[in-house]
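Written out below as structure tokens is the structure these notes cover.
Throughout, read-outs are computed from the coordinates displayed, never taken from laboratory work. Not measured: the values here are computed from a predicted model. Every residue, glycine as well, gets a Cβ built from its backbone with ideal geometry; the counts of neighbours run over all protein chains shown.
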Amino acid sequence: MTLHDVMIILVLTFPMFIFTIYPAIRLSDYLEAHHGIQESQKRSVMLVVTFLGALFLSSLLYYI
């Protein structure tokens, strides 16, 4: 994997945010309702799930 590949995957991450924001919000709401996480943890879950989901989708898009 070259630097060029990494750069393209990171650029493709931004459009993938469209597809990963809603599931991240739903997951954080679920965790807050059923497991009682705090608001700061809820925001952290949203950010991490959104970024990792977008990174996963962009890498799939690049390599498949």
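The table for this structure:
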| quantity | calculated |
| --- | --- |
| Hits in region 16-29 (condition: free of Cβ contacts under 8 Å to residues at least 24 places away in the same chain and either surrounded by 12 or more Cβ atoms within 10 Å (Cβ to Cβ) or not aromatic (Phe, Trp, Tyr) (or both)) | ILE18, ILE25, ARG26, LEU27, SER28, ASP29 |
| Selection count, region 38-64, where residues are among the aliphatic types (A, V, I, L, M) and surrounded by 16 or more Cβ atoms within 10 Å (Cβ to Cβ) | 6 |
| Hits in region 14-64 (condition: assigned to a helix (DSSP H, G or I), within 24 Å of THR2 (Cβ to Cβ) and either of a type in the set (A, V, I, L, M, F, W, C) or more than 15 Å from the chain's Cα centre (by Cα) (or both)) | PHE14, MET16, PHE51, LEU52, ALA54, LEU55, PHE56, LEU57, LEU60, LEU61, TYR62, TYR63 |
